[in-house]
Every structure is written in C-alpha cells, then in structure tokens.
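A quick write-up on the structure given underneath.
The values are calculated or read from the model by the stated rules, or taken from the named source; none is laboratory data. Small disclaimer: the values here were computed from a predicted structure and weren't measured. Neighbour counts run over all protein chains shown; Cβ positions are idealised from the backbone, glycine included. Calculation scope for accessible area: heavy atoms of the full protein, side chains included, ligands and nucleic acids excluded. Shrake-Rupley method; radii C 1.70, N 1.55, O 1.52, S 1.80 Å.
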Amino acid sequence: MKARYGVWLLYGVGIGALGWYGYGYLCDTKVPSVALVGIEDGSYCAKAVCCTVKSDKSGSISVTLDGKEMSQLNVTKIASGEYQFTIPTQQLVDGHHALTVRFTDGTFHKNRVILERNFYVDNVPLSAAFITSDLYNTVAQGHTVHLQMQVNKKLKNATIHALSKAYPCVQEAPGSTVYECFVPIACEEQPNTYLFTVDLADHVGNVVNLDKVMQIAAYPFKKQMLSIDQAKIKQEQESGTDQKEFEALIEQLTQNSGQEKLWRGSFCAPTEIRRVTCEFGTIRTTQHKGRYAHKAVDVINLPRSVVWAPQEGRVVVKDRFAASGNTVVLDHGCGVLSMFFHLEDFAEIKLGDIVAQGNPLGTEGKTGYATGYHLHWEMRVGNIPVNPLEWIEPNF
C-alpha cells in the first residue's frame, strides 16, 4: 500500500512539474533582460574585441555585422543564458560599423530582444607633427603662442602643458585633422626658455608626445601718466556695478567657455582705427589706481562710431560697470574672450546671442573711467590678457 502511494505521489509531482513547465512555456510573455558587455555604442575598437551576451533566460542568439550574419564570430554558449563571441576588427576596414544581436528565449512565444551597437574600428597607428615652423620659437610677453599639429586621425584628447598649466587643443574646424591651441603669455612672465609638451591620445589608447622649446622675450612696455576727474569717478561708481564683480564674472565665464571654436578665419579690428592712444601693456600711473599695467589697447575712431564683433562669438556680458562703463563681452570658445569698454550705447543684442564677424555691438563712447571718446579693446585667453592687435595680423 505504501509503495503504491509513493508511486502515485511521484506521478502527481511529475504531472505538477510538467504542468508548471508547460504553463511557463506556453504563457510566458515576459521580455527577457539581456545585456551586451564588451562593446559600447559609439566606442572605438582595435584588435580583437571579446563580447559577452547575458540574459536572465535560456535561449539562442544571432549576430549580424553591417547587416550580414557573421557565423565566423563563433558564438559560444558558456553558461545558461550566457554567450560569447569575438569581433576580429583586424579583418574590418577602419571606420563605422553596426553590430546587431538578437536574443530569442526558449518559450512558445519566442520573446525577443534586439541590441544594437554602432562602433568604429581604428587599427591605424597614431602619428602627429607640428605645423608651426621653427622660425616662430620666440614670443613676447603679453602675446599668444598659436600652435598647430597635423595628425592622421580624430583624437580623444590633446593637451599642451606649458608654464605650469594645461591647455586643451581643439580641431581647427569640424572634421579637420589639424589640432591647435592658443597659449597666453602673461605680461609678467619672466623672459626665459621654456619647454612646451603636447600629449595626444586617440580613441583606442595610442599616445604620441611632442615637445617644443619656446623663448619668451621681454617686451618694451611704454609708460603713461593719466588724470581722471574725481567727480566722474564718483558718478560712475554710483551708476555702475563694482569692477571686482566684473572680474569674478569673467573668471566664471572663462571656466564655462566651451572647448570648441565658434570662429573660423582671422579676427579683424572692432572699429576703424584712426589712432591708438594707449598701447597694450602700457604702464599707467593715475591718482585713482596708482601704477598698473593697461592690458588692452585704446583706439580712437569718430565719436559714437559703430563698434562691431571682430569675430563670431556669443554675447556673454551686456551691462554697465563703474570702471568700464557700458560693456560688451563676447565668448569665442576655447576660453577666448573679447571685451569692449566705454560704449556710448548698445546695439540690438541680448545675452546668449551668437553674433557674426562685423555685427554691431554698440557705439564708441566715454562711459566709465574715460577721459574722452575711445574704445578700450581687450582680449583674454584663459583669463590672461593678451595683445589683441596680434590676433588681427594675417599670419597669426
């Protein structure tokens, strides 16, 4: 009797298990959870790339590469719901490829998940060289080093280490294989010989290092005595924001400047220059500020003459400050800012506008600490003032 009871018990358990399995097989419509490990969308690959497909269900997979089923990928089942295959990128042409993995579970409904990855093959060794001639190994205080490198592919990272700072390099133009960097030389930088090191890395881990020796030369900055009416200074202080707030704002704008050039081609002067009344770096002495370096150029056109954008850029400041009066600042990208002080009035521009080269910004005035109609034109790279007249030279 006990034996017969045991048989029926086992039979019942078997029927129950079969029923549960059958129910799961016939009624399971849950989409399986599937992950593809080893290759990310938009990634760059070199040599052989090992990929693993992981699922919470058992099933089967098929893999297609560039629309063709790749049986030579040798898909191998390594565990329940886990498969491996290898992409032999050495057998593929460099450039864009598309991978599709289809996982189908073992249920009646054959629930399916499709995973897609776009990736790039890069098996070309990285090479790079300076474009800049050795004739330009000397730069004066207060000027800018413009370095260009020719590379053979798009880079993941390019950085110049110079004067105890790091400066990112950017593409000269979208899609270009010329990378460039603008390194500002502060007026106070000591004349000496310095080593500039460039670190270049592609998307698959290849690295190239370039070195360049630069000679920083002393610049003969002029001197100037200037007198500003104290009543005007008091009036401007009452009507404009404190200049310390302006400097804090410029520091923040420099940090926020995107690492992409907004301009192409050369800069131009922001107005017709009839006369330069104060050269860049002039050592000024005033009763109000004492002795200081005027790290901009003051230029004169006719009073209320139009002031325009010297290059394409984004309007990031349009405001009035005590010392600089009506002020406009353009961000050209890569930490390059142009500044225009003492404007009589503003053009029809607003913060965030992208203005093209030659678009009006305002008119020449004498607001702020100004003794007469003129334009204070200033450029900063990484918040270091540099001579703006250098930027409009044809060979810069």
### Message
Given a 1.4 angstrom probe, what's the average accessible area per residue across the chain, in square angstrom?
### Response
52 Å²
#### Entry: Interchain or long-range residues, amide H under 5 Å from residue 156's placed H
201, 202, 203
### Summary
Neighbours of residue 382 by Cβ distance under 11 Å: Lys/Arg at +1, Asp/Glu at -1, summed charge +1
#### Entry: Förster radius 51 Å - calculated FRET efficiency between residue 129 and residue 371, Cβ distance, rounded to 0.05
0.50
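Measure up 223/244; 47/156; 223/318; 165/261; 165/318; 295/350 against 23 Å on the Cα-Cα distance and list the ones that go over.
223/244; 223/318; 165/318; 295/350
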### Message
Would the range 293-396 count as rounded, prolate or oblate if I go by the C-alpha gyration tensor, calling it rounded below 1.5 in a/c and otherwise prolate when a/b exceeds b/c, oblate otherwise?
### Response
rounded
### Query
Tell me, in nm to one decimal, what length is gained between residue 348 and residue 393 on full extension, where the rule is 0.36 nm per residue of separation less the Cα-Cα distance?
13.3 nm
### Task
Would you pull out the residues with amide H under 5 Å of residue 358's amide H, same chain only if 5 or more places away, H placed 1.01 Å from N?
309, 311
### Summary
In the range 247-343, the trypsin sites (Lys or Arg not before Pro) that sit in a DSSP loop and have at most 15 other Cβ atoms within 10 Å of their own Cβ are 264, 274, 289, 304
#### Entry: Derived scalar couplings ³J(HN,Hα) [the range 325-333; Karplus, 6.51 cos²θ - 1.76 cosθ + 1.60; whole Hz; x for Gly, Pro]
x, 5, 10, 10, 10, 10, 9, 9, x
### Message
Can you work out the Karplus-derived ³J(HN,Hα) for every residue in the range 170-175? Use 6.51 cos²θ - 1.76 cosθ + 1.60 with θ = phi - 60°, whole Hz, and x for glycine or proline.
### Response
10, 5, 4, 7, x, x
#### Entry: Principal-axis tilt of helix 243-256 within the chain, Cα atoms, nearest 10 degrees
30 degrees
### Task
Label the range 111-167 by shape, choosing from rounded, prolate and oblate, from the square roots a ≥ b ≥ c of the eigenvalues of the Cα gyration tensor; if a/c is under 1.5 it is rounded, and otherwise prolate applies when a/b is larger than b/c, oblate when it is not.
prolate
### Task
At q = 0.06, 0.07, 0.10 Å⁻¹, work out log10 I(q)/I(0) for the chain with the Debye formula, treating every Cα as an identical point scatterer and leaving solvent out; two decimals please.
-0.43, -0.53, -0.79
### Message
Under a crude label model (7 Å from the Cα following the beta-carbon direction), how far is residue 190 from residue 116 in nanometres?
### Response
6.0 nm
## Note on the structure
1/(1 + (r/R0)^6) with r = Cβ-Cβ of residue 93 and residue 165, R0 = 30 Å, i.e. FRET efficiency to nearest 0.05, evaluates to 0.15
### Message
Give me the percent of accessible area attributable to carbon and sulfur for the chain, probe 1.4 angstrom.
### Response
53 percent
### Task
Mind checking the full-extension length gain between residue 146 and residue 69? Use 0.36 nm per residue of separation minus the Cα-Cα distance, one decimal, nm.
22.8 nm
### Query
What cysteines in the chain have no other cysteine with a beta carbon less than 4.7 Å from their beta carbon?
27, 45, 50, 51, 187, 268, 278, 334
